[in-house]
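Single-structure report; data block below.
The values are calculated or read from the model by the stated rules, or taken from the named source; none is laboratory data. As the structure is a computational prediction, the values presented were derived from the model and not from experiment. Virtual Cβ from ideal backbone geometry, glycine too; neighbours counted across all protein chains shown. Remember, those area values only see protein heavy atoms, side chains included, never the ligands or the DNA or RNA. Shrake-Rupley method; radii C 1.70, N 1.55, O 1.52, S 1.80 Å.
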Amino acid sequence: QVQLVESGGGLVQAGGSLKLSCAASGRTFSTMGWFRQAPGKEREFVAAIRWNGGDTLYGNSVKGRFTISRDNAKNTLYLQMNSLKPEDTAVYYCAARRSGIMVVATEYDYWGQGTQVTVSS
């Protein structure tokens with residue numbers, strides 16, 4: 001049974017940092033990524049990484065502030081978020097797929113339950 005379990009969300013002031021984790025179990029994936037969804041908005045691509053090779057892709061709104069990484073031995077995905085802004089407030093979801101990097105949420109096969117990130121001004 002595939003499981004993706006996020007952790008690390010919380011409340012932080014603008015300019016602060018948070019690190020999200022996503023522990024994967026049940027199978028290995030070609031690509032894992034992070035999406036986020038704010039109230040009343042569509043799910044937005046944040047970042048993705050190829051599990052082998054480490055190629056990455058970032059959404060324009062987080063480029064230069066967020067860093068995606070993975071620990072192959074622990075089968076865990078991370079998202080280091082720096083210089084956080086109030087507009088980063090959202091539920092952050094971990095996602096996985098069996099092929100290459102895609103930025104469309106519907107292309108991902110597996111999803112975590114989400115973790116709330118709130119950035120206060």
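Contact map, region 5-17: residues that are farther than 16 Å from PHE35 by Cα and in a strand (DSSP E or B) paired with residues that are at pLDDT 95 or above and of a type in the set (Ser, Thr, Tyr), Cβ distance under 7 Å, separation 6+ or inter-chain. Pairs shown: LEU11/THR118; LEU11/SER120; GLN13/SER120. Restricting the first member to region 51-62 and to residues that are in a loop (DSSP other than H, G, I, E, B), and the second to residues that are charged (D, E, K, R), the beta-carbon pairs closer than 7 Å and six or more apart or on different chains are TRP51/ARG70; GLY59/GLU44.
Whenever a residue of region 21-32 is outside any strand (DSSP E or B), its partners that are of a type in the set (Phe, Trp, Tyr), lying with C-beta atoms within less than 8 angstrom and at least six residues away or across chains, give the pairs THR28/TRP51; PHE29/TRP51; PHE29/TYR110; SER30/TRP51.
Go through region 63-76 and give me each residue that's within 18 Å of GLY8 (Cα to Cα), open to solvent by 50 Å² or more (accessible area, probe 1.4 Å) and assigned to a loop (DSSP other than H, G, I, E, B). Outline the logic, then answer.
First pass over region 63-76, keeping only residues within 18 Å of GLY8 (Cα to Cα): 65-71, 74-76.
Narrowing further to those that are open to solvent by 50 Å² or more (accessible area, probe 1.4 Å): 67, 70, 74.
Within region 63-76, LYS74 is the sole residue that qualifies.
On the stretch given as region 1-39, residues that are within 27 Å of SER121 (Cα to Cα), open to solvent by 70 Å² or more (accessible area, probe 1.4 Å) and at pLDDT 95 or above total 3.
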